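Let me begin by presenting the structure, written as structure tokens, before commenting on it.
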Amino acid sequence: MILRSFEVFVSISCMYMNRPLGEDGDSFDHLVDDWFQVAAFVAAVDANLGKWLNGRYGVGLTEYNALRHLSAAPDKELRINELANRIGLNQSSVTRLLGRLEARNLTRRETCFEDGRGVYAVITEGGEALIVDARDPYRAHLEHALSSVEATSPALGAHVVGRVLASIGGLPAS
């Protein structure tokens, strides 16, 4: 997640660096200020969600995201390096994360039968049950966190988020 945010930030920064400056000469500084506000808000929401998930389900946000990716994957499994790419961690960190999830019987590892070298992370029935149980409460908690933007980040408004999103080239229209 952090890695993806950084990649988006770099892309946006590069686009702004190649654009002519605004009338006040500091369009890049506005983008950076806007991005920091958005990133701080996202970090606050992530921290809130992580604390809530840990208290309610005993998993952190990254663990929950890993379980969601595994649950959505064909055959309920992903190669460890693919899971690492999807959740923005390195392979070593994902191995430790899977160790914690395996200790709770939420995932297991399987060796690739085709080449014997690859290792898959597989969600268990217990992991699937957690995802099903948490799905609606997680969404409600996320909606509440997002609706409280005014209280948690008073300087962040739709105009700031809109400017940041408008700066991202190549995004398909929704």
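Summary of computed values
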{"read-out": "FRET efficiency for R139 and A44, using Cβ-Cβ distance with R0 set to 22 Å, rounded to 0.05", "value": "0.75"}
{"read-out": "For T124, distant residues with modelled amide H under 5 Å away", "value": "T107, R108"}
{"read-out": "Other-chain or far-sequence residues with amide H under 5 Å of G157's (modelled H)", "value": "none"}
{"read-out": "Rounded percent of accessible protein surface that carbon and sulfur make up, segment 26-174, 1.4 Å probe", "value": "53 percent"}
{"read-out": "Descending Cα extents along the principal axes, segment 59-126, whole Å", "value": "33, 25, 21"}
{"read-out": "Largest-first ordering by accessible area, 1.4 Å probe, given options E128, E110", "value": "E110, E128"}
{"read-out": "Segment 137-149 - phi-based ³J(HN,Hα) in whole Hz, Karplus 6.51/-1.76/1.60, Gly and Pro as x", "value": "x, 4, 4, 4, 5, 4, 4, 5, 4, 5, 6, 9, 4"}
{"read-out": "Whole-number percent relative contact order across segment 51-174, with pairs defined as alpha carbons under 8 Å at least 6 apart", "value": "20 percent"}
{"read-out": "Heavy-atom SASA rank of T111, T124, T95 (probe 1.4 Å, accessible area, largest first)", "value": "T111, T95, T124"}
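The values are calculated or read from the model by the stated rules, or taken from the named source; none is laboratory data. Note that the structure is a prediction, hence the values are computed from the model and not measured. Positions of Cβ are generated from backbone atoms using ideal geometry, with glycine treated the same way; all protein chains shown enter the neighbour counts. The area values use the complete protein model at the heavy-atom level, side chains included, leaving out ligands, DNA and RNA. Shrake-Rupley method; radii C 1.70, N 1.55, O 1.52, S 1.80 Å.
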